[in-house]
1. Would you work out the charge dipole size for segment 42-156 about its Cα centre, treating the Cβ of every Lys and Arg as +1 and the Cβ of every Asp and Glu as -1, and quote it to the nearest 20 debye?
2. Using θ = phi - 60° and the Karplus curve 6.51 cos²θ - 1.76 cosθ + 1.60, what whole-Hz ³J(HN,Hα) does each residue of segment 219-230 get, with Gly and Pro shown as x?
3. Under the rule of at least 5 residues apart or a separate chain, name every residue whose amide H is placed under 5 Å from the amide H of residue 155.
4. Compute the signed sum of charges (Lys and Arg +1, Asp and Glu -1) over the other residues within less than 12 Å, Cβ to Cβ, of residue 144.
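Bear in mind that the values in this text are calculations on the coordinates, not laboratory data. Computed from a prediction, not measured in an experiment: that's the story for all the values here. All Cβ positions, even for glycine, are placed from backbone atoms using ideal geometry, and neighbour counts span all protein chains on display.
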Amino acid sequence: MGMDIYVPTMWVLGVMALCLTAYRFLVIGRQGKGHAGYETGTCATIGSREIQEDAYGTVEGEGGIMAVLADGMGSGYGGRIASRTAVEVFGDMFRDSNAFYNPQYYFRRAFHAANRSILERLNGERGSASVAAVMVKSRKLYYASVGNVKTAVYRNGELVPVTSGHTVSVLARQKYIEGKLTRQAAVSLLEQHRTYNYVGQDGFRDIEFFDVPVTLYGGEYVVLLSDGMYEGVSWREIEECLAKRGSCGEKALELTELVNAKISEDVDNASIVIIRVP
């Protein structure tokens, strides 16, 4: 049982170097179908960034599948190291444990182990990552997340988020509902999407878990999206793509190409993982 781990890297076309008038964005995708019957599709683009800080991986085992997507943040290569470390830790711990016996315990251990490993590898340098991970078995979805990577389920023509995320806007909404923030203060913060919780920090502890597993019926898509993906294309465009015929790999590639088609001077790394539930 091996892990399909992917950390894309930037490349530069010779034509671009000669003309100095335009550049293309790296797009790398994969698709596959494992022994447990889960079809997967993954794809990523570096956008206009110099460093690809997104990483993802999938592992099959115990009749189910685990997928993780990490969106790195930091100076230099710190974000890249953080995201790659998180994906490696989640894969290693899934292989070495009976994760489906107690999914919340697995998620908790993996997040805290990833946090420790990132701090150790960076040794004082800046680097962190938003991370979302899912496990699917016997048509049950288990999920956990930190930061702003989204997890969603597509069924009956609708893509429904199952995670809220750890951004300032989400926190402001929660504090207003709890009566700890005035309406004026909450409104002023609702447009701020800065991430306040992530792995790669001292004192890390807040993880968004599933309350109960999501029941699946077969034919749904479980989707992990970095912020560069869900901010680069509209939610409606994602739904329309998932509704089309085609493999998970084709869908992931199409959405990534849509991000690249909307080229601006500042395009973030964008990544997506799609799992079709048998």
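1. Dipole of segment 42-156, to the nearest 20 debye: 400 debye.
2. x, 6, 10, 9, 10, 10, 9, 6, 5, x, 7, 6
3. Sorted by chain and number, the residues that satisfy this are 160.
4. -1
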